[in-house]
Amino acid sequence: MLRKINLLVTVMLYACVSASASELSHSDINTVLNKAQQTAKNIKIPKNKYEKSGMEAAKKVADTYRSDEFQKKIRCEAERIDQEFFQNFSEKWKKAGEKQRKETEKGKNLLPGEKIYLLFSSSVPDRTMQTYISTVAQTNNIQNINFVMRGFVQGLAYPKADTEYFSRITKKKWDCVNTEETYCEYLKVPVSINSEPFSKYQVQRVPAIVYDDGTNSYVIHGDAGLEYLLERIDRRVKSVTLAEVIKKLRGHFDKYK
């Protein structure tokens with residue numbers, strides 16, 4: 001298409017140069033434009049000689065990604081991250097996590113068919129993600145809001161990058177630094193690595209909040225407070241259960257101030 005446009009401009013310039021030195025009339029300009037458009041219609045763009053090999057290469061990549069072997073690698077790395085960050089920091093943390101799990105079971109507000117996802121990637125500022133995770137943990141919304149990351153920080157080949165990233169965004173205190181004398185506390189909020197919700201809800205920008213009631217889904221983007229983003233969705237869906245989640249996030253018993 002770009003080549004056609006360039007050729008069209010070339011034809012027009014040639015026609016103008018070929019015209020007499022006197023100023024062109026509106027009729028002359030229209031004639032030149034019509035000739036240029038007719039010429040453009042007859043232009044045949046040569047076939048891309050790399051089209052076949054490109055399609056084959058793309059298919060090969062897609063087949064590799066969908067293969068059982070590659071998917072197994074992804075699952076293994078996701079399980080490693082889950083074990084390292086959300087289960088095995090210490091025995092004390094495990095016990096605290098179990099206690100919190102029982103408490104959050106009581107705090108679940110959504111119906112079985114309802115889901116809230118916070119979709120993100122490592123491109124979202126660390127401080128923003130730490131604030132989101134801290135808000136969910138401190139308002140007992142772990143059972144209501146699912147954190148889903150698009151993919152690994154630097155791919156499967158660099159697991160250390162995932163380790164460092166999750167240690168930053170799950171800190172209870174943002175400015176805490178691990179030393180020989182002090183050990184930072186980490187928030188027990190599950191994070192899954194799964195690109196499927198991004199495809200299912202056609203999410204191209206992050207962070208994004210998705211509310212799915214089992215029949216319809218609603219997506220909103222933006223680096224803003226969770227309660228604000230969910231309120232904007234609830235103004236459309238008017239869900240009693242979603243309103244309860246918002247109340248917990250806002251920390252008061254009125255739906256809106």
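The values are calculated or read from the model by the stated rules, or taken from the named source; none is laboratory data. Keep in mind the model is a prediction, meaning the values are calculated, not measured. Ideal geometry is used to build each Cβ from the backbone, glycine not excepted, and the neighbour counts take in all protein chains shown.
Could you please let me know if Y165 is within 20 Å of the chain's Cα centre (by Cα), assigned by TED's automatic domain parsing to the domain that holds A243, under 23 Å from L242 (Cα atoms) and crowded, with 19+ Cβ neighbours inside 10 Å? Break it down into steps so the answer makes sense when it comes.
Numbers: within 20 Å of the chain's Cα centre (by Cα): yes; assigned by TED's automatic domain parsing to the domain that holds A243: yes; under 23 Å from L242 (Cα atoms): no; crowded, with 19+ Cβ neighbours inside 10 Å: yes.
When the stated conditions are applied, Y165 does not pass them.
Condition test on Y201, is it in contact with a strand residue (DSSP E or B) (Cβ under 9 Å, 6 or more places away or on another chain), surrounded by fewer than 18 Cβ atoms within 10 Å (Cβ to Cβ) and of a type in the set (F, W, Y)? Can you show your working first?
Values: in contact with a strand residue (DSSP E or B) (Cβ under 9 Å, 6 or more places away or on another chain): yes; surrounded by fewer than 18 Cβ atoms within 10 Å (Cβ to Cβ): yes; of a type in the set (F, W, Y): yes.
Answer is yes for this residue.
Every residue in region 174-201 that is within 21 Å of S121 (Cα to Cα) and without any contact (Cβ under 8 Å) to a residue 40 or more places away in the chain, please. Let's see the steps before the verdict.
Taking region 174-201 first, the residues within 21 Å of S121 (Cα to Cα) are 174, 186-201.
Those that are within 21 Å of S121 (Cα to Cα) and without any contact (Cβ under 8 Å) to a residue 40 or more places away in the chain: E196, S199, K200.
May I ask you to list the residues in region 168-189 that are more than 15 Å from T128 (Cα to Cα), in contact with a helix residue (DSSP H, G or I) (Cβ under 9 Å, 6 or more places away or on another chain) and surrounded by fewer than 15 Cβ atoms within 10 Å (Cβ to Cβ)?
The answer is N178, E185.
Among the residues of region 111-137, which ones are hydrophobic (A, V, I, L, M, F, W, C), assigned to a helix (DSSP H, G or I) and farther than 11 Å from I169 by Cα? Steps first, please.
Initially, region 111-137 is screened for residues hydrophobic (A, V, I, L, M, F, W, C), giving 111, 116, 118-120, 124, 129, 133, 136-137.
Still in the running and assigned to a helix (DSSP H, G or I): 129, 133, 136-137.
Of everything in region 111-137, those that are hydrophobic (A, V, I, L, M, F, W, C), assigned to a helix (DSSP H, G or I) and farther than 11 Å from I169 by Cα turn out to be V136, A137.
If I filter region 234-245 for residues that are assigned by TED's automatic domain parsing to the domain that holds V136 and part of a loop (DSSP other than H, G, I, E, B), do I get at least one hit? Full working, then the answer.
First, the residues of region 234-245 that are assigned by TED's automatic domain parsing to the domain that holds V136: 234-245.
If we keep only those that are part of a loop (DSSP other than H, G, I, E, B) as well, we get 238-239.
Yes, region 234-245 has at least one match.
Residues that are at pLDDT 60 or above and over 45 Å from the mean Cα position of the chain (by Cα), at least 1 per element: which helices (runs of 4 or more DSSP H) completely within region 1-89 meet that? Break it down into steps so the answer makes sense when it comes.
Numbers: elements: 2-18, 26-41, 51-66, 68-86.
Passing ranges, in order: 26-41.
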